[in-house]
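Notes to accompany the following structure.
The values are calculated or read from the model by the stated rules, or taken from the named source; none is laboratory data. Owing to the predicted nature of the structure, the values given are computational and were not obtained by experimental measurement. Note that we place each Cβ from the backbone using ideal geometry, even for glycine, and neighbour counts take in every protein chain shown.
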Amino acid sequence: MEMPEPAEPGQAQGGALQSVWGVLLAPEKTFRALAIHPHWLAPLVLLVAAALALSLVVTPRLDMKQVMREAIEDSGQDISAAQLERQVEMAEKFKWVGTASQVVLQPAVYLLMAGTFLVVLRLAGSEIDFRRSLSVSVHGMMPFLVATLLTLPVVLSRAELSLKDVQSARYLHSNLAGFASDSTAKPLMALLSSIDLFSIWTIVLLAIGFRVVGRVSKAAAFGVVIGLWAIVVAGKVALAALF
Amino acid sequence: MKRGLLIAAGAVVLAAILVTSILSGRQQSGEKVYVEAAARQALTQSVKSSGQIQPRIKVNISAHVIGKIDKLYAVEGAAIAAGAPFLELEREAFLAARDNARAQLAMAKTGLEQARVSAADEKVRLARAEQLSTQGIASVETLEAARLRNTSADLQVQQAREAVTQAQALLDKAEDDLRKTTIYSPIAGRVIALNAEVGEVVVSGTMNNPASVIGTIADLSEILAEIDIDETEVVHLAADQKVVIKVDAIPDHDYTGRVVEIGSSGYAKPTQPDVTFFQAKVLFDSPDEKLRPGMSARAEIQVATHADALAVPIQAVVERKPKAAGDATADKKAPPVSVVFVVEDGKAKSVAVKTGISDATEVEIVEGLAGGEQVITGPYRALRKLEDGDAVKVTTPELEEKGRKDSDDESSDDKATKSD
């Protein structure tokens with residue numbers, strides 16, 4: 001089935017911010033509109049801005065010496081106090097580089113995500129194009145915008161954050177990792193943090209979105225989204241086990 | 001309606017997540033710290049250092065005359081009595097020298113007699129010449145000549161007398177040198193060093209030449225440990241302080257002693273040229289035969305003991321800048337003061353303290369604590385940045401280790417499962 005040509009940008013502006021809320025409150029209706037007028041800039045900007053804001057409040061709360069010490073202990077390395085001091089100095093100098101890099105990294109991640117969904121859906125028989133795939137991807141991630149907005153006051157209420165807090169991102173009690181202790185193994189923590197209310201919400205929205213916009217069956221849409229999510233989670237767990 | 005209820009329910013869930021996350025964060029906040037109660041105990045401050053075992057009395061044996069060793073009575077390691085012969089040098093040359101001196105003395109005495117006889121003869125001639133001169137028979141010249149000959153004869157007697165004295169002195173020296181060919185032990189003790197053998201030529205030890213030392217006798221009834229004390233610690237030392245001495249070669253026995261001497265001038269070791277040491281001598285209370293001069297020893301000198309000191313672990317005492325009057329912030333101009341942190345109502349409270357003596361692990365608190373307070377002792381990373389009023393969570397190293405072990409066990413189980 002042929003995809004309708006996307007409307008001119010002027011036509012989409014009026015509904016750009018509406019679609020951000022609309023996808024949370026009335027996802028199917030919103031995705032139907034996006035199928036006709038796909039757009040992605042507003043939600044992408046909001047997602048990047050939220051990630052940047054979170055990084056700006058998390059970074060000052062990190063004790064770099066403690067973070068480095070914990071990271072080195074976790075890696076099993078044995079270094080001298082002088083070497084640790086040098087590594088801490090380097091980390092202090094470059095900690096804001098990580099924050100600034102969100103401006104580039106976040107859009108890159110969503111572009112990659114959209115590209116991956118495009119390839120897999122095409123293999124599943126959809127005729128979706130990249131613009132629509134990107135539109136569904138960024139709109140489907142709106143639950144994480146909500147999560148980031150909820151995380152900001154939680155982080156602001158804490159004077160200091162540990163390395164484990166940052167690694168597991170367990171600020172919100174929306175995932176099973178929020179109930180784990182500091183001594184929980186890293187792979188398990190990675191798995192628990194992935195079983196998250198906002199992740200499940202995102203999976204549902206993406207599946208609805210690709211079903212509506214990509215015009216595939218419900219089973220295919222959920223299969224693609226859940227399958228790719230499972231691969232990402234497996235990768236997170238494997239990385240946590242290795243490092 | 002249904003949609004409105006769903007949205008409301010969703011909002012409630014999100015609000016609940018936010019509230020529980022904030023509250024949970026506050027409960028978890030608080031630095032994990034270890035605590036120990038400040039308690040009274042006996043505390044001994046010690047100065048520890050190392051050194052060598054040496055006998056208190058030690059005599060180096062050297063020869064007074066040059067000669068070849070003929071007999072060696074001393075055996076290294078054996079006991080020797082005071083006055084017992086140590087060695088004998090070859091005597092022939094010294095005997096010949098003595099006999100020569102005796103002969104020289106006899107000749108001198110003979111010369112003296114001869115001079116006396118000549119002098120007597122000249123006196124008789126002089127008397128005759130004087131008599132003849134008064135009778136007008138002998139001339140004035142004859143009388144003058146007789147007088148001169150008499151004076152000369154008297155001088156020859158005097159010279160012969162001096163020659164006898166000189167010959168006697170040479171005889172005395174020759175006899176003394178002969179006596180010195182036998183060396184006797186000046187003290188009772190043990191021969192701890194023997195540097196010569198029979199047949200070797202020894203030189204006299206008058207120039208303090210180490211090469212002239214034939215042997216060394218030491219009185220091992222009194223043994224010292226000569227300890228090198230760092231200049232920063234020597235000020236705490238005093239005579240008669242008790243010492244526990246561990247000898248490296250005798251690990252199963254600790255000796256006791258007391259400080260008997262503290263050096264007044266410092267020195268540096270070749271291996272530590274920038275450090276100044278002072279020597280302290282520690283006398284063993286009950287030395288035994290196992291101790292040998294030159295053995296390495298470590299001494300723990302008890303410089304102060306308080307039987308009922310209020311003590312906390314050393315790491316609990318940290319330095320902080322005091323707060324300026326009427327200000328919550330630290331007064332940056334003031335010098336830092338010693339403080340300990342005590343736990344009160346889940347918070348760290350900074351208490352200024354005055355410290356006293358300390359041992360390896362504990363330090364006395366003289367002022368600031370009453371006893372029984374829960375003093376924060378670690379971990380170091382927490383104490384390093386702890387400030388007055390910070391929230392703390394009391395834990396123990398065992399709990400932390402158990403948590404780490406459980407985590408490691410889970411990781412290794414996961415890895416084992418994966419490898420299967």
- Query: Could you say which residue among B:E90, B:E36 is surrounded by 14 or more Cβ atoms within 10 Å (Cβ to Cβ), away from chain A (no Cβ under 14 Å) and in contact with a Lys or Arg (Cβ under 6 Å, 6 or more places away or on another chain)?
  - Reply: B:E90
- Which condition does A:A159 not pass, out of (1) crowded, with 16+ Cβ neighbours inside 10 Å; (2) within 14 Å of chain B (Cβ to nearest Cβ); (3) not in a helix (DSSP H, G or I), if it passes all the others? (1)
- Is there a residue being more than 14 Å from chain A (Cβ to nearest Cβ), farther than 30 Å from B:R190 by Cβ and aromatic (F, W, Y) anywhere in region B:66-74? no
- Message: Show me the strands (runs of 3 or more DSSP E) entirely contained within region B:224-302 in which 2 or more residues are of a type in the set (K, R).
- Response: B:242-247
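Just checking, does region B:212-222 include any residue being exposed (fewer than 15 other Cβ atoms within 10 Å of the Cβ) and aliphatic (A, V, I, L, M)? First the steps, then the outcome.
Within region B:212-222, the subset exposed (fewer than 15 other Cβ atoms within 10 Å of the Cβ) is B:221-222.
Now restrict to residues that are aliphatic (A, V, I, L, M): none.
So far as region B:212-222 goes, no, none of its residues is exposed (fewer than 15 other Cβ atoms within 10 Å of the Cβ) and aliphatic (A, V, I, L, M).
Yes/no matrix, rows are residues, columns are (1) surrounded by 19 or more Cβ atoms within 10 Å (Cβ to Cβ); (2) out of contact with any helix residue (DSSP H, G or I) (no Cβ under 8 Å at 6 or more places or on another chain); (3) on the phi > 0 side of the Ramachandran plot; (4) assigned to a helix (DSSP H, G or I):
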position: B:A9; (1), (2), (3), (4): no, yes, no, yes
position: B:V13; (1), (2), (3), (4): no, no, no, yes
position: B:L43; (1), (2), (3), (4): yes, yes, no, no
position: B:A74; (1), (2), (3), (4): yes, yes, no, no
- From B:D308, B:D388, grab the single residue that is over 30 Å from B:E222 (Cα atoms) and part of a strand (DSSP E or B). B:D308
- Message: For region B:172-188, check the following and say yes or no: at least one residue is under 30 Å from B:A96 (Cα atoms) and small (G, A, S).
- Response: yes
- In region B:154-191, residues that are buried (at least 18 other Cβ atoms within 10 Å of the Cβ) and not in a helix (DSSP H, G or I) total 6
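The rows are residues; the columns are (1) at pLDDT 90 or above; (2) over 19 Å from A:L205 (Cβ atoms); (3) assigned to a helix (DSSP H, G or I).
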| residue | (1), (2), (3) |
| --- | --- |
| A:L24 | yes, no, yes |
| A:A49 | yes, yes, yes |
| A:S55 | no, yes, yes |
| A:K65 | no, yes, yes |
| A:R69 | no, yes, yes |
| A:D74 | no, yes, yes |
| A:I79 | no, yes, no |
| A:K93 | no, yes, yes |
- For region B:354-371, state whether one or more residues are exposed (fewer than 13 other Cβ atoms within 10 Å of the Cβ), touching a residue at least 12 places away in the same chain (Cβ under 8 Å) and farther than 20 Å from B:L43 by Cα. no
- Message: I'd like to verify a number: residues in region B:341-358 that are modelled with pLDDT of 90 or more and part of a loop (DSSP other than H, G, I, E, B), how many?
- Response: 1
- Note on the structure: Of the listed residues (B:S49, B:S118), the one being among the hydroxyl-bearing types (S, T, Y) and in a strand (DSSP E or B) is B:S49
- Are there any pairs with C-beta distances below 6 angstrom linking a residue in region B:260-285 that is more than 15 Å from B:I227 (Cβ to Cβ) to a residue that is modelled with pLDDT of 95 or more and crowded, with 17+ Cβ neighbours inside 10 Å, with the two at least 6 apart or on different chains, and if so which? B:D285/B:G257
- Check region A:196-215 and report whether any residue there is of a type in the set (K, R), in a loop (DSSP other than H, G, I, E, B) and over 17 Å from A:V138 (Cα atoms). yes
- Working carefully through the options B:A96, B:A103, B:A82, find the one that is surrounded by fewer than 13 Cβ atoms within 10 Å (Cβ to Cβ) and either among the basic types (K, R) or under 30 Å from B:D219 (Cα atoms) (or both). B:A82
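Does at least one position in region A:168-179 carry a residue that is at pLDDT below 90, within 24 Å of B:S21 (Cα to Cα) and over 19 Å from the mean Cα position of the chain (by Cα)?
Yes: one or more hits.
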- Task: Please give the number of the condition B:K48 fails out of (1) within 14 Å of chain A (Cβ to nearest Cβ); (2) within 46 Å of the chain's Cα centre (by Cα).
- Result: (1)
- Examine region A:134-145 for a residue that is within 13 Å of the chain's Cα centre (by Cα), of a type outside the set (A, V, I, L, M) and within 14 Å of another protein chain (Cβ to nearest Cβ), and state whether such a residue exists. yes
- Query: From the set of residues in region B:254-291 that are aromatic (F, W, Y) and surrounded by 19 or more Cβ atoms within 10 Å (Cβ to Cβ), which is nearest to B:R190 (Cα to Cα)?
  - Reply: B:F284
